[in-house]
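Encoded as C-alpha coordinates, the structure appears first; notes follow it.
The values are calculated or read from the model by the stated rules, or taken from the named source; none is laboratory data. Please read all numbers here as calculations on a predicted model, not as lab measurements. We place every Cβ from the backbone using ideal geometry, glycine too, and count neighbours over all the protein chains shown. Quick note on the areas: whole protein, heavy atoms, side chains included, nothing else; ligands and nucleic acids left out. Shrake-Rupley method; radii C 1.70, N 1.55, O 1.52, S 1.80 Å.
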Amino acid sequence: METPVKKQDIRKLSLEEIQDFFVSIGDKAFRAKQVYEWLWKKSAKDFDQMTNISLQTRELLKEHFAINHIQVDQMQRSSDGTIKNAVKLHDGMIVESVLIPTETRITACISSQVGCSLDCNFCATARLKRMRNLNADEIYDQVVAIKEEGELYFDRPLTNIVYMGMGEPLLNYKNVLESIEKITSPEGLGMSPKRITLSTVGIPKMIKQLADDEVKFNLAVSLHSAIDESRTRMMPFNEKNSLAELAESLQYWHRKTGKKVTFEYVVWKDINDDEKHAKALAKYCGRVASKVNIIEYNPIDDGEFQQADPASLDMYKRILEEKGIIVNIRRSRGKDIDAACGQLANKS
Ligand code: SAH
(Lines give C-alpha, C1' and ligand atoms only; values in the text may rest on other atoms or scores of the structure.)
Protein backbone atom coordinates (compact mmCIF):
# COMPACT_ATOMS: atom_id res chain seq x y z
CA MET A 1 0.00 0.00 0.00
CA GLU A 2 1.19 3.49 -0.79
CA THR A 3 1.78 5.74 2.19
CA PRO A 4 -0.12 8.99 1.74
CA VAL A 5 2.26 11.89 1.10
CA LYS A 6 1.79 14.73 3.56
CA LYS A 7 1.25 17.78 1.42
CA GLN A 8 3.28 20.87 2.08
CA ASP A 9 1.47 23.80 3.66
CA ILE A 10 1.53 26.39 0.91
CA ARG A 11 1.43 29.25 3.38
CA LYS A 12 4.89 28.28 4.59
CA LEU A 13 6.16 29.48 1.20
CA SER A 14 7.13 33.04 0.37
CA LEU A 15 5.85 34.77 -2.74
CA GLU A 16 9.19 34.05 -4.44
CA GLU A 17 8.97 30.37 -3.58
CA ILE A 18 5.48 30.12 -5.07
CA GLN A 19 6.81 31.89 -8.17
CA ASP A 20 9.57 29.28 -8.40
CA PHE A 21 6.95 26.55 -8.18
CA PHE A 22 5.00 27.94 -11.13
CA VAL A 23 8.15 28.35 -13.20
CA SER A 24 9.21 24.79 -12.35
CA ILE A 25 5.98 23.40 -13.78
CA GLY A 26 6.29 25.53 -16.90
CA ASP A 27 3.61 28.03 -15.89
CA LYS A 28 3.75 31.82 -15.61
CA ALA A 29 5.38 33.38 -12.54
CA PHE A 30 2.63 36.01 -12.26
CA ARG A 31 0.15 33.34 -11.12
CA ALA A 32 2.04 33.29 -7.84
CA LYS A 33 0.93 36.81 -7.05
CA GLN A 34 -2.73 35.93 -7.56
CA VAL A 35 -2.40 32.83 -5.41
CA TYR A 36 -0.53 34.73 -2.71
CA GLU A 37 -3.28 37.32 -2.62
CA TRP A 38 -5.89 34.60 -2.18
CA LEU A 39 -3.87 32.98 0.60
CA TRP A 40 -3.32 36.10 2.67
CA LYS A 41 -5.35 39.15 1.71
CA LYS A 42 -8.47 37.14 0.88
CA SER A 43 -7.82 34.38 3.46
CA ALA A 44 -8.91 31.55 1.16
CA LYS A 45 -9.56 28.36 3.06
CA ASP A 46 -9.38 26.14 0.02
CA PHE A 47 -8.04 26.25 -3.53
CA ASP A 48 -11.50 26.18 -5.12
CA GLN A 49 -12.18 29.66 -3.79
CA MET A 50 -9.48 30.99 -6.12
CA THR A 51 -11.90 31.68 -8.94
CA ASN A 52 -9.57 33.70 -11.14
CA ILE A 53 -7.12 30.79 -11.30
CA SER A 54 -7.83 28.18 -13.96
CA LEU A 55 -9.35 24.90 -12.91
CA GLN A 56 -6.31 23.05 -14.19
CA THR A 57 -3.91 25.14 -12.10
CA ARG A 58 -6.11 24.74 -9.03
CA GLU A 59 -6.01 20.96 -9.43
CA LEU A 60 -2.25 21.11 -9.71
CA LEU A 61 -2.00 23.20 -6.55
CA LYS A 62 -4.24 20.72 -4.74
CA GLU A 63 -1.98 17.88 -5.81
CA HIS A 64 1.08 19.53 -4.32
CA PHE A 65 -0.11 21.61 -1.41
CA ALA A 66 -2.53 21.95 1.48
CA ILE A 67 -3.92 25.07 3.14
CA ASN A 68 -3.80 24.30 6.86
CA HIS A 69 -6.41 26.85 7.84
CA ILE A 70 -7.67 26.92 11.41
CA GLN A 71 -11.31 26.06 12.13
CA VAL A 72 -13.54 27.75 14.65
CA ASP A 73 -14.62 24.63 16.48
CA GLN A 74 -16.95 26.31 18.92
CA MET A 75 -18.15 29.87 19.38
CA GLN A 76 -19.63 31.22 22.62
CA ARG A 77 -21.29 34.59 23.10
CA SER A 78 -21.34 36.46 26.38
CA SER A 79 -24.28 38.52 27.60
CA ASP A 80 -22.07 41.60 27.15
CA GLY A 81 -21.43 40.79 23.46
CA THR A 82 -17.96 39.29 23.90
CA ILE A 83 -17.35 36.26 21.68
CA LYS A 84 -14.96 33.42 22.48
CA ASN A 85 -13.73 31.07 19.75
CA ALA A 86 -12.30 27.65 20.47
CA VAL A 87 -10.04 27.27 17.49
CA LYS A 88 -8.93 23.92 16.13
CA LEU A 89 -5.48 23.75 14.54
CA HIS A 90 -4.61 21.35 11.71
CA ASP A 91 -3.14 18.84 14.19
CA GLY A 92 -6.28 18.87 16.32
CA MET A 93 -4.93 21.05 19.13
CA ILE A 94 -7.17 23.79 20.47
CA VAL A 95 -6.48 27.42 21.40
CA GLU A 96 -8.89 30.22 22.25
CA SER A 97 -9.33 33.73 20.94
CA VAL A 98 -11.74 36.46 21.96
CA LEU A 99 -13.63 39.27 20.23
CA ILE A 100 -14.16 42.22 22.57
CA PRO A 101 -16.71 44.77 21.35
CA THR A 102 -16.92 48.26 22.84
CA GLU A 103 -18.63 51.47 21.67
CA THR A 104 -15.70 52.43 19.53
CA ARG A 105 -13.68 49.27 18.99
CA ILE A 106 -13.71 45.68 17.89
CA THR A 107 -10.66 44.10 19.51
CA ALA A 108 -9.24 40.66 18.77
CA CYS A 109 -7.45 38.99 21.68
CA ILE A 110 -5.38 36.15 20.23
CA SER A 111 -3.22 33.27 21.41
CA SER A 112 0.43 32.70 20.52
CA GLN A 113 1.06 29.26 22.05
CA VAL A 114 -0.92 26.11 22.84
CA GLY A 115 -0.84 26.27 26.64
CA CYS A 116 1.88 28.22 28.43
CA SER A 117 5.25 27.39 29.98
CA LEU A 118 5.06 30.16 32.58
CA ASP A 119 3.53 29.48 35.94
CA CYS A 120 1.79 32.67 37.06
CA ASN A 121 -0.27 31.52 40.03
CA PHE A 122 -3.37 33.54 39.20
CA CYS A 123 -3.75 32.51 35.54
CA ALA A 124 -5.85 29.61 34.26
CA THR A 125 -3.74 29.13 31.12
CA ALA A 126 -0.71 28.46 33.33
CA ARG A 127 -2.35 25.20 34.39
CA LEU A 128 -2.18 23.86 30.86
CA LYS A 129 1.15 22.45 29.79
CA ARG A 130 2.81 24.26 26.94
CA MET A 131 2.31 21.96 23.97
CA ARG A 132 3.74 23.97 21.10
CA ASN A 133 4.19 27.35 19.50
CA LEU A 134 1.65 28.57 16.99
CA ASN A 135 2.79 29.20 13.43
CA ALA A 136 2.48 32.68 11.97
CA ASP A 137 -0.45 31.59 9.81
CA GLU A 138 -2.31 30.11 12.79
CA ILE A 139 -1.99 33.43 14.59
CA TYR A 140 -3.03 35.31 11.47
CA ASP A 141 -6.08 33.06 10.98
CA GLN A 142 -7.35 33.82 14.49
CA VAL A 143 -7.35 37.50 13.57
CA VAL A 144 -9.18 36.80 10.32
CA ALA A 145 -11.83 34.73 12.15
CA ILE A 146 -12.49 37.58 14.61
CA LYS A 147 -12.50 40.13 11.81
CA GLU A 148 -15.17 38.12 9.98
CA GLU A 149 -17.25 37.75 13.14
CA GLY A 150 -17.00 41.51 13.78
CA GLU A 151 -18.36 42.17 10.31
CA LEU A 152 -21.06 39.50 10.59
CA TYR A 153 -22.38 40.16 14.10
CA PHE A 154 -21.57 43.83 14.64
CA ASP A 155 -21.31 45.15 11.10
CA ARG A 156 -18.07 46.83 12.09
CA PRO A 157 -14.43 46.45 11.08
CA LEU A 158 -11.72 45.06 13.31
CA THR A 159 -9.93 47.98 14.96
CA ASN A 160 -7.41 46.50 17.43
CA ILE A 161 -5.41 43.37 18.09
CA VAL A 162 -3.93 42.33 21.43
CA TYR A 163 -1.55 39.40 21.87
CA MET A 164 -3.02 38.66 25.29
CA GLY A 165 -4.57 35.25 24.82
CA MET A 166 -2.92 31.94 25.66
CA GLY A 167 0.84 31.74 25.83
CA GLU A 168 3.83 34.03 26.09
CA PRO A 169 4.36 35.79 22.75
CA LEU A 170 8.03 36.59 23.40
CA LEU A 171 8.75 32.87 23.78
CA ASN A 172 7.45 32.43 20.22
CA TYR A 173 9.29 35.46 18.93
CA LYS A 174 9.89 34.62 15.29
CA ASN A 175 6.36 33.43 14.48
CA VAL A 176 4.71 36.25 16.41
CA LEU A 177 6.73 38.87 14.55
CA GLU A 178 6.05 37.16 11.26
CA SER A 179 2.30 37.19 12.00
CA ILE A 180 2.42 40.91 12.77
CA GLU A 181 4.37 41.49 9.58
CA LYS A 182 1.56 39.76 7.64
CA ILE A 183 -1.23 41.55 9.54
CA THR A 184 0.29 44.95 8.85
CA SER A 185 1.47 44.33 5.30
CA PRO A 186 -0.62 45.62 2.37
CA GLU A 187 -0.45 42.06 1.03
CA GLY A 188 -2.13 40.89 4.24
CA LEU A 189 -4.68 42.80 6.33
CA GLY A 190 -3.00 46.19 5.98
CA MET A 191 -3.61 47.13 9.62
CA SER A 192 -1.62 49.83 11.34
CA PRO A 193 0.93 48.53 13.88
CA LYS A 194 -0.28 51.30 16.20
CA ARG A 195 -3.42 49.21 16.68
CA ILE A 196 -1.51 46.14 17.80
CA THR A 197 -0.35 45.46 21.36
CA LEU A 198 1.88 42.62 22.45
CA SER A 199 1.53 41.69 26.10
CA THR A 200 4.38 39.93 27.86
CA VAL A 201 5.34 38.73 31.30
CA GLY A 202 8.42 40.90 30.64
CA ILE A 203 11.46 39.00 29.38
CA PRO A 204 14.29 41.58 29.46
CA LYS A 205 16.43 39.98 26.75
CA MET A 206 13.52 39.72 24.33
CA ILE A 207 12.31 43.26 25.04
CA LYS A 208 15.75 44.50 23.98
CA GLN A 209 15.46 42.34 20.87
CA LEU A 210 12.14 44.03 20.03
CA ALA A 211 13.80 47.41 20.45
CA ASP A 212 16.70 46.39 18.20
CA ASP A 213 14.23 45.13 15.61
CA GLU A 214 12.62 48.59 15.73
CA VAL A 215 9.10 47.23 15.87
CA LYS A 216 6.25 49.72 15.49
CA PHE A 217 3.58 48.04 17.61
CA ASN A 218 2.79 48.69 21.28
CA LEU A 219 4.20 46.84 24.25
CA ALA A 220 2.41 45.91 27.47
CA VAL A 221 4.03 44.21 30.45
CA SER A 222 2.09 42.26 33.06
CA LEU A 223 3.66 43.74 36.16
CA HIS A 224 1.29 43.12 39.09
CA SER A 225 3.92 44.15 41.63
CA ALA A 226 6.95 46.43 41.65
CA ILE A 227 8.43 44.61 44.64
CA ASP A 228 10.58 41.60 43.69
CA GLU A 229 9.60 39.47 46.63
CA SER A 230 5.86 39.66 46.06
CA ARG A 231 6.14 39.55 42.25
CA THR A 232 8.15 36.34 42.48
CA ARG A 233 5.51 34.83 44.74
CA MET A 234 2.81 35.43 42.10
CA MET A 235 5.00 35.02 39.05
CA PRO A 236 7.86 32.60 39.78
CA PHE A 237 9.42 33.65 36.47
CA ASN A 238 10.46 36.88 38.23
CA GLU A 239 13.03 35.07 40.31
CA LYS A 240 15.51 34.85 37.45
CA ASN A 241 14.36 38.05 35.72
CA SER A 242 14.40 40.78 38.33
CA LEU A 243 12.45 44.04 38.22
CA ALA A 244 15.75 45.93 37.91
CA GLU A 245 16.63 44.06 34.72
CA LEU A 246 13.10 44.56 33.42
CA ALA A 247 13.35 48.32 34.06
CA GLU A 248 16.66 48.47 32.28
CA SER A 249 15.26 46.69 29.21
CA LEU A 250 12.24 49.01 29.14
CA GLN A 251 14.48 52.08 29.34
CA TYR A 252 16.31 50.68 26.33
CA TRP A 253 12.98 50.07 24.58
CA HIS A 254 11.97 53.68 25.18
CA ARG A 255 15.30 55.06 23.96
CA LYS A 256 15.12 53.03 20.76
CA THR A 257 11.40 53.32 19.91
CA GLY A 258 10.30 56.48 21.70
CA LYS A 259 7.34 54.51 23.01
CA LYS A 260 5.95 54.15 26.51
CA VAL A 261 5.15 50.73 27.89
CA THR A 262 1.75 49.94 29.42
CA PHE A 263 1.89 48.11 32.73
CA GLU A 264 -0.98 45.74 33.35
CA TYR A 265 -1.68 45.45 37.00
CA VAL A 266 -4.19 43.52 39.09
CA VAL A 267 -4.76 44.55 42.70
CA TRP A 268 -5.49 41.58 44.96
CA LYS A 269 -6.87 41.63 48.47
CA ASP A 270 -4.16 41.18 51.14
CA ILE A 271 -1.49 40.61 48.48
CA ASN A 272 -0.69 43.96 46.90
CA ASP A 273 -3.53 46.23 48.02
CA ASP A 274 -1.50 48.29 50.50
CA GLU A 275 0.21 51.67 50.21
CA LYS A 276 3.64 50.08 50.19
CA HIS A 277 2.88 48.34 46.88
CA ALA A 278 1.19 51.38 45.36
CA LYS A 279 4.16 53.59 46.23
CA ALA A 280 6.61 51.03 44.85
CA LEU A 281 4.64 51.03 41.58
CA ALA A 282 4.68 54.84 41.42
CA LYS A 283 8.44 54.82 41.97
CA TYR A 284 8.95 52.14 39.31
CA CYS A 285 6.88 54.12 36.82
CA GLY A 286 9.07 57.11 37.61
CA ARG A 287 12.06 55.18 36.28
CA VAL A 288 10.40 53.82 33.13
CA ALA A 289 8.34 55.79 30.58
CA SER A 290 5.00 54.13 31.20
CA LYS A 291 1.29 54.23 31.93
CA VAL A 292 -0.75 51.85 34.03
CA ASN A 293 -3.87 49.80 33.30
CA ILE A 294 -5.38 48.45 36.46
CA ILE A 295 -7.33 45.37 35.39
CA GLU A 296 -10.02 43.58 37.26
CA TYR A 297 -9.22 40.13 38.61
CA ASN A 298 -11.11 37.26 37.03
CA PRO A 299 -11.42 34.43 39.49
CA ILE A 300 -10.22 31.06 38.24
CA ASP A 301 -11.50 28.63 40.92
CA ASP A 302 -9.77 28.35 44.31
CA GLY A 303 -10.04 31.33 46.60
CA GLU A 304 -6.35 32.16 46.98
CA PHE A 305 -6.65 35.33 44.93
CA GLN A 306 -9.45 37.83 45.44
CA GLN A 307 -10.17 41.15 43.81
CA ALA A 308 -9.22 44.06 46.09
CA ASP A 309 -11.83 46.48 47.43
CA PRO A 310 -12.70 49.56 45.35
CA ALA A 311 -11.08 51.72 48.04
CA SER A 312 -7.69 50.12 47.33
CA LEU A 313 -8.05 50.84 43.62
CA ASP A 314 -8.84 54.48 44.45
CA MET A 315 -5.75 54.60 46.67
CA TYR A 316 -3.60 53.30 43.77
CA LYS A 317 -5.11 55.84 41.40
CA ARG A 318 -4.48 58.71 43.78
CA ILE A 319 -0.87 57.75 44.50
CA LEU A 320 -0.04 57.26 40.82
CA GLU A 321 -1.79 60.44 39.70
CA GLU A 322 0.01 62.47 42.35
CA LYS A 323 3.20 61.49 40.54
CA GLY A 324 1.74 62.45 37.17
CA ILE A 325 1.36 58.87 35.95
CA ILE A 326 -1.51 58.04 33.61
CA VAL A 327 -3.72 55.34 35.08
CA ASN A 328 -6.85 53.65 33.76
CA ILE A 329 -9.07 51.31 35.69
CA ARG A 330 -10.41 48.66 33.31
CA ARG A 331 -13.45 46.48 33.73
CA SER A 332 -13.40 42.93 32.45
CA ARG A 333 -15.65 41.51 29.78
CA GLY A 334 -16.86 38.04 28.87
CA LYS A 335 -16.56 36.61 32.39
CA ASP A 336 -19.73 34.51 32.04
CA ILE A 337 -18.11 32.48 29.25
CA ASP A 338 -14.59 32.34 30.77
CA ALA A 339 -13.31 34.67 28.08
CA ALA A 340 -11.76 37.36 30.30
CA CYS A 341 -7.99 37.86 30.91
CA GLY A 342 -6.45 34.81 32.49
CA GLN A 343 -9.53 32.61 32.06
CA LEU A 344 -8.58 30.94 28.78
CA ALA A 345 -8.15 27.27 29.61
CA ASN A 346 -9.85 25.23 26.87
CA LYS A 347 -12.61 24.30 29.31
CA SER A 348 -15.06 23.43 26.59
N1 SAH B 1 1.88 35.92 28.68
C2 SAH B 1 1.40 37.23 28.33
C3 SAH B 1 0.01 37.27 27.71
C4 SAH B 1 -1.06 36.41 28.32
S5 SAH B 1 -1.78 36.93 29.86
C6 SAH B 1 1.47 38.11 29.56
O7 SAH B 1 1.86 37.64 30.61
O8 SAH B 1 1.18 39.30 29.44
C9 SAH B 1 -2.75 38.33 29.47
C10 SAH B 1 -3.02 39.23 30.67
O11 SAH B 1 -3.99 38.66 31.55
C12 SAH B 1 -1.79 39.49 31.50
O13 SAH B 1 -1.72 40.83 31.86
C14 SAH B 1 -2.04 38.62 32.72
O15 SAH B 1 -1.31 39.05 33.81
C16 SAH B 1 -3.53 38.79 32.89
N17 SAH B 1 -4.16 37.78 33.71
C18 SAH B 1 -3.82 36.49 33.85
N19 SAH B 1 -4.68 35.86 34.68
C20 SAH B 1 -5.59 36.78 35.05
C21 SAH B 1 -6.75 36.73 35.88
N22 SAH B 1 -7.14 35.61 36.44
N23 SAH B 1 -7.44 37.88 36.03
C24 SAH B 1 -7.08 39.01 35.42
N25 SAH B 1 -6.01 39.11 34.63
C26 SAH B 1 -5.26 38.01 34.45
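Observations, loosely collected:
- Between T104 and A29, residue separation times 0.36 nm minus the direct Cα-Cα distance comes to 22.7 nm.
- Those Cys residues of the chain for which no other cysteine Cβ falls under 4.7 Å: C109, C116, C285, C341
- Estimated at the nearest 10 Å², the accessible area of R330 is 120 Å² with a 1.4 Å probe.
- Shape call, segment 8-66: gyration tensor on alpha carbons, a/c limit 1.5: rounded
- With R₀ set to 22 Å, the beta-carbon distance separating Q251 from K291 gives a calculated FRET efficiency near 0.90.
- Solvent accessible area, Å² - H224, 1.4 Å probe, full protein context: 10
- Just the protein heavy atoms count here, and of the accessible area of segment 173-297 at 1.4 Å, carbon and sulfur take up 47 percent.
- Full extension of the chain between I329 and S192 yields a length gain of 46.8 nm, computed as 0.36 nm times the residue separation minus the alpha carbon distance.
- Å² of accessible area per residue within segment 8-66, as computed with a 1.4 Å probe and no ligands counted: 55
- Cα-based radius of gyration for segment 89-181, normalised by 2.2 N^0.38 Å, reads 1.09.
- Pairwise centroid distance, computed over Cα atoms, of segment 306-348 with segment 68-87, Å: 23
- Scaled radius of gyration (Cα, divided by 2.2 N^0.38 Å) that segment 223-348 gives: 1.09
- Where only DSSP H runs of four or more residues are counted, the chain gives -10000 deg cm²/dmol as its mean residue ellipticity at 222 nm, each run worth -39500 (n - 2.57).
- Accessible surface, segment 83-233, averaged per residue in Å² (probe 1.4 Å): 37
- L177 - accessible surface, heavy atoms, 1.4 Å probe, Å² rounded to 10: 40
- Of all DSSP beta bridges in the chain, antiparallel share, percent nearest 5: 45
- Here the Kirkwood formula, the inverse mean of 1/r across different C-alpha pairs, assigns the chain a hydrodynamic radius of 21.6 Å.
- Relative to the longest principal axis of the Cα atoms of the chain, the long axis of helix 243-257 makes an angle of roughly 50 degrees.
- Ranking Y163, Y252 from most to least accessible surface, computed with a 1.4 Å probe over the protein chains only, gives Y252, Y163.
- Residue list for segment 9-31, given a label point 7 angstrom along the Cα-to-Cβ vector of E181 and an amide N cut-off under 11 Å: 14-15
- Against the criterion of solvent-accessible heavy-atom surface with a 1.4 angstrom probe, M206, M235 sort, most first, into M206, M235.
- Site pair M131 and I227 shows an inter-label distance of 3.9 nm when each label is modelled 7 Å from Cα along Cα→Cβ.
- Gap separating the Cα centres of segment 129-173 and segment 10-41, nearest whole Å: 25
- Pairs from K260/K323; K28/K62; K174/K205; K259/K335 whose Cα-Cα separation, in the structure shown, is over 21 Å: K259/K335
- Taken along its principal axes, the alpha carbon cloud of segment 67-109 reaches lengths of 36, 19, 12 Å, longest axis first.
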